[in-house]
Amino acid sequence: MEPVRIAPVTSHAELQRCVDLQASVWGYASGDLVPRRLFLLATKIGGQVFAAYHQTRMVGFALALPGVRDNQPYLHSHMLAVDPEYRDLGIGRLLKLAQREEALARGLRRMEWTFDPLEIKNSYFNLVKLGVMCERYEVDFYGTTSSQLQGGLPTDRLVACWHMDSVRVQLALAGEPAVCQTVRRVPVPAGVAALRQNLKTLEQAKAIQILVRQQILDAIQDGLRVMGYERQADGGGCFLLAHTGAVGHGAVG
C-alpha cells in the first residue's frame, strides 16, 4: 500500500469530510455529531485538525482543542478516528505523532484525551505505545450517547495525560516503555467490549464496568496512578497502578 500522508486540515470541504468520517466510525445521531463549525473553530483558536490520506481518500483524522490546566496551556485531543478499512496499520500513531510535533513546536508540552477503560487494545496503545499516564477517572463523562459502540452503558473514561517531551514518552515512542513498580493491578476480561453489544450480556458488561471503575477510583484515592498496561494471553488486559515516582526503564509487562 502507498504510504499514508498526514496533513493539517483547513478548508471547509475537508473539514466536512472529517465530520462524515466521524459519523461513519461512531454511528452517532445528528445531535451527537461534532459539527463542521467546531472543527473550523479549532483551526482558528490554537487547536488542531489533522487528517490521514491514502492517495486522495481521507482515512483518519484527529481533532484537538486548546485548554488550560494548572494555569498552563495544553491541548485536549477530543477525537481520533480511523476508517475501519484502514485500522491496525499504524495510522492512529501517525496522527498522534503529528499532533505532538506541532504542539511541541509551539511550546505546548501537555496533551490530554479520554479513553474507554474497557477497550483493551486502545488502553494498551495509550499507556504502552504512547507513554501516557492517568490520574483521573471520570464516571459517565459524556452522559448518554447515541453511539452503538457504548452499548447503552455509562460513558466512563480514563483521562490520558501525555507529557509530550518527557523521558517516559520519548522511551515509549522509541519502543522502550517505562516499567512501573506495580502496587495494584486491575484486570479487564477479554471480550468485554462485545458483551455490551448484546442485550443478553449487557448486565454482565455493566457489572465488569462497575468493578473496574471502583478498583481504579479506589487506587487513585490512595495516591496511585495508572502507569502501565499488560496484555494477557487470553485476550484480556490489566491496568498497572503505581506511584508516579516508582518507574524504571525497559518494557512494560
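Listed values, structure above:
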read-out: Odd one out for SER123, checked against (1) of a type in the set (S, T, N, Q); (2) over 24 Å from HIS12 (Cα atoms); (3) surrounded by fewer than 22 Cβ atoms within 10 Å (Cβ to Cβ); value: (3)
read-out: Condition check for ALA98: over 24 Å from ARG231 (Cβ atoms), of a type outside the set (D, E, K, R) and modelled with pLDDT of 95 or more; value: yes
read-out: Matching residues, the stretch 81-101, being under 17 Å from VAL9 (Cα atoms), open to solvent by 60 Å² or more (accessible area, probe 1.4 Å) and either under 13 Å from the mean Cα position of the chain (by Cα) or charged (D, E, K, R) (or both); value: GLU101
read-out: Which listed residue, of ARG196, ARG185, is under 19 Å from THR144 (Cα atoms) and not β-branched (Val, Ile, Thr); value: ARG196
read-out: Residues that are open to solvent by less than 70 Å² (accessible area, probe 1.4 Å), more than 24 Å from TRP162 (Cβ to Cβ) and in a helix (DSSP H, G or I), drawn from the stretch 173-217; value: VAL192, ALA194, LEU195, THR201, LEU202, ALA205, ALA207, ILE208, GLN209
read-out: Near pairs, Cβ below 6 angstrom, 6+ apart or cross-chain, from the stretch 1-27 (free of Cβ contacts under 8 Å to residues at least 24 places away in the same chain) to any residue that is part of a helix (DSSP H, G or I); value: GLN16/ARG36; VAL19/ARG36
read-out: Single unsatisfied condition, ALA207 versus (1) small (Gly, Ala, Ser); (2) within 26 Å of ALA233 (Cα to Cα); (3) in contact (Cβ under 8 Å) with a residue 12 or more places away in the chain; value: (3)
read-out: Among the residues listed as ARG37, ARG69, the single one being within 19 Å of LEU104 (Cα to Cα), basic (Lys, Arg) and surrounded by fewer than 18 Cβ atoms within 10 Å (Cβ to Cβ); value: ARG69
read-out: Test: residue in the stretch 188-199 that is modelled with pLDDT under 95, charged (D, E, K, R) and more than 17 Å from GLU138 (Cα to Cα); value: yes
read-out: Selection count, the stretch 104-121, where residues are in a helix (DSSP H, G or I) and within 21 Å of SER166 (Cα to Cα); value: 2
read-out: All positions within the stretch 1-55 that are more than 19 Å from GLU102 (Cβ to Cβ) and of a type in the set (Gly, Ala, Ser); value: ALA13, ALA23, SER24, GLY27, ALA29, SER30, GLY31
read-out: Cβ pairs under 8 Å, 6+ apart, first in the stretch 78-103 and within 17 Å of CYS161 (Cα to Cα), second open to solvent by 60 Å² or more (accessible area, probe 1.4 Å) and in a helix (DSSP H, G or I); value: ARG93/LYS129
read-out: Residue in the stretch 146-165 that is aromatic (Phe, Trp, Tyr), surrounded by fewer than 20 Cβ atoms within 10 Å (Cβ to Cβ) and under 17 Å from the mean Cα position of the chain (by Cα) present; value: no
read-out: All positions within the stretch 9-33 that are part of a helix (DSSP H, G or I), modelled with pLDDT under 95 and more than 19 Å from the chain's Cα centre (by Cα); value: SER30, GLY31
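The values are calculated or read from the model by the stated rules, or taken from the named source; none is laboratory data. Only a predicted model underlies this, so the values are computations on that prediction, with no experimental measurement involved. Note: ideal-geometry Cβ built from the backbone for every residue, glycine included; neighbour counts use all protein chains shown. Quick note on the areas: whole protein, heavy atoms, side chains included, nothing else; ligands and nucleic acids left out. Shrake-Rupley method; radii C 1.70, N 1.55, O 1.52, S 1.80 Å.
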